[in-house]
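What follows is a single structure, written as structure tokens, with notes after it.
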Amino acid sequence: MFDLIVKSANLPDGRRGIDIAVSGDHIAAVEAGISAEAGDVIDATGRLVTPPFVDPHFHMDATLSLGLPRMNVSGTLLEGIALWGELRPALTREALVERALRYCDLAVSQGLLAVRSHVDTTDARLVTAEALLEVRERVAPYLDLQLVAFPQDGYYRSPGAVENLNRALDMGVDIVGGIPHFERTMEDGAASVAALCRIAADRGLPVDMHCDETDDPMSRHVETLAAQAVRFGLQGRVAGSHLTSMHSMDNYYVSKLIPLMADAQMHVIPNPLINIMLQGRHDTYPKRRGMTRVRELMAAGLNVAFGHDCVMDPWYSMGSGDMLEVGHMAIHVAQMAGIEDKKRIFDALTVNSARAMGLQGYGLEKGCNADMVVLQAADPVEALRLKPTRLAVIRRGKVIARTAPRIGMLDLPGRPAAIDPGADYLPPG
């Protein structure tokens with residue numbers, strides 16, 4: 001007897017009519033026609049069951065702070081940074097915890113069960129680190145939260161940043177962060193990459209840097225990051241987030257750069273919603289949109305994972321915690337409209353992001369953690385188009401969120417039988 005069976009599921013890899021049996025907090029069997037009894041049964045009725053969504057790049061210390069201390073009138077990255085600088089001295093542990101917990105509840109309802117959050121370590125009080133370490137402990141039963149020590153105003157540029165980052169790591173923050181393009185000079189930026197990679201190597205920690213989040217094609221700190229990853233033996237433990245300058249680089253240089261990144265086994269984390277909102281602000285027309293070269297990086301074998309980055313904060317006034325919204329935008333901006341393209345985009349919201357975060361036991365195979373989401377869609381392609389209801393969210397074998405089905409055009413009785421529910425089109429009329 002199993003504790004739970006999810007019946008008649010379509011899986012992201014194309015398998016259909018599969019049953020998933022759970023014993024305790026792990027998957028015990030994945031096969032068609034499981035006939036054993038179970039304490040609970042969920043009939044997926046030919047809908048998509050996926051491993052949970054994963055967000056490898058977020059700012060939980062800023063989330064839901066929109067309007068504090070005022071609105072970002074220009075909507076630019078630099079005004080957002082200035083606003084955060086105004087808000088930072090007024091931050092309290094209690095308010096940070098309250099906003100973060102509200103966001104985590106929203107995330108879980110969307111089937112998002114793992115988040116990597118950057119934590120601003122600029123303020124010597126380190127109230128952000130204290131608050132998110134508390135949140136990490138409180139949400140552990142239902143959400144995996146990783147924390148990055150992030151010197152928001154620059155590792156060398158900001159007084160005390162070197163000491164503050166080390167203190168945050170001593171407190172238990174998981175990952176070494178950086179922002180080399182925000183240092184005062186290119187030389188300082190390159191030096192910060194080397195110093196931060198050395199810290200990660202000495203402490204046995206991963207690295208995740210905001211890197212080249214600019215339209216400047218000469219911002220090439222990702223090259224330094226790749227070189228230092230190899231130098232310090234950090235292959236596979238380094239992520240470059242944003243990398244928007246690659247959008248503006250010439251093709252010859254990129255033809256050299258991408259193999260260097262592959263040598264470093266770098267994880268690449270674009271943030272489609274925010275990248276296209278904040279980049280290209282100095283352009284008239286033609287106007288760059290700023291997202292990095294997703295298709296080319298994927299083709300070169302790099303692990304590309306998409307982040308949400310922001311939800312209702314000084315940088316981004318929108319957002320809903322829905323990673324399918326992130327993927328939906330990526331399809332458009334990366335111009336990846338083919339069926340196989342969309343499957344790769346879906347992977348960038350799930351398995352690729354889990355790989356970037358180093359999650360153990362992730363997946364829908366026997367022995368994996370019993371974490372999964374039942375979606376009101378037939379397959380990944382339809383899920384990306386419809387951004388459908390999460391009918392059930394399961395964590396370690398327990399249903400932790402349920403939502404009633406949404407009745408829409410494709411869910412009404414009498415739909416023509418010839419229409420494939422997984423087809424990538426709307427029926428005529």
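Below is a table of values for the structure above.
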| read-out | value |
| --- | --- |
| Residue count for region 143-153, restricted to those that are in a loop (DSSP other than H, G, I, E, B) and aliphatic (A, V, I, L, M) | 1 |
| Flag for residue 75 being at pLDDT below 95 and not polar (S, T, N, Q) | yes |
| Scan of region 336-378 for residues that are part of a loop (DSSP other than H, G, I, E, B) and in contact with a Gly (Cβ under 6 Å, 6 or more places away or on another chain), ordered by number | 368, 370, 378 |
| Near pairs, Cβ below 9 angstrom, 6+ apart or cross-chain, from region 357-378 (of a type in the set (Ser, Thr, Tyr)) to any residue that is part of a strand (DSSP E or B) | 362/54; 362/114; 362/369 |
| Only one of 99, 47, 16, 88 that is of a type in the set (Lys, Arg), farther than 23 Å from residue 134 by Cβ and without any contact (Cβ under 8 Å) to a residue 40 or more places away in the chain | 16 |
| Test: residue in region 52-67 that is out of contact with any Pro (no Cβ under 8 Å at 6 or more places or on another chain), surrounded by 15 or more Cβ atoms within 10 Å (Cβ to Cβ), charged (D, E, K, R) and more than 22 Å from residue 384 (Cβ to Cβ) | yes |
| Hits in region 249-306 - residues which are free of Cβ contacts under 8 Å to residues at least 40 places away in the same chain and at positive phi | 265, 301 |
| Selection within region 24-44 - of a type in the set (D, E, K, R), part of a strand (DSSP E or B) and in contact (Cβ under 8 Å) with a residue 40 or more places away in the chain | 40 |
| Residue match in region 326-336 (condition: in contact (Cβ under 8 Å) with a residue 12 or more places away in the chain, farther than 22 Å from residue 254 by Cβ and buried (at least 23 other Cβ atoms within 10 Å of the Cβ)) | yes |
| Any hit, region 9-23, residues being of a type in the set (Gly, Ala, Ser), under 26 Å from the mean Cα position of the chain (by Cα) and in a strand (DSSP E or B) | yes |
| Matching residues, region 269-287, being assigned to a loop (DSSP other than H, G, I, E, B) and surrounded by 15 or more Cβ atoms within 10 Å (Cβ to Cβ) | 270, 271, 279, 280, 281 |
| Check on residue 103, farther than 18 Å from residue 165 by Cβ, hydroxyl-bearing (Ser, Thr, Tyr) and part of a loop (DSSP other than H, G, I, E, B) | no |
| Unique match (being under 22 Å from residue 353 (Cα atoms) and either modelled with pLDDT of 95 or more or more than 19 Å from the chain's Cα centre (by Cα) (or both)) among 196, 260 | 260 |
| Residue 129, sole failed condition from (1) surrounded by fewer than 18 Cβ atoms within 10 Å (Cβ to Cβ); (2) farther than 30 Å from residue 17 by Cα | (1) |
| Selection count where residues are over 24 Å from residue 372 (Cβ atoms) and either surrounded by fewer than 20 Cβ atoms within 10 Å (Cβ to Cβ) or not β-branched (Val, Ile, Thr) (or both), scope region 138-153 | 6 |
| Filter result for the condition that a residue is over 23 Å from residue 105 (Cβ atoms), of a type in the set (A, V, I, L, M, F, W, C) and surrounded by 24 or more Cβ atoms within 10 Å (Cβ to Cβ), over 378, 305, 300 | 305 |
| Tabulated pairs, region 117-141, first modelled with pLDDT under 95, second assigned to a helix (DSSP H, G or I) and surrounded by fewer than 24 Cβ atoms within 10 Å (Cβ to Cβ), C-beta under 7 angstrom, 6+ apart or interchain | none |
| Residue within region 312-324 that is under 28 Å from residue 87 (Cα atoms), assigned to a helix (DSSP H, G or I) and in contact (Cβ under 8 Å) with a residue 12 or more places away in the chain present | yes |
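The values are calculated or read from the model by the stated rules, or taken from the named source; none is laboratory data. Worth saying up front: this structure is predicted, and the values here are computed from it rather than measured. When we count neighbours, we look across all protein chains shown, and the Cβ atoms used for this are built from the backbone with ideal geometry, even at glycine.
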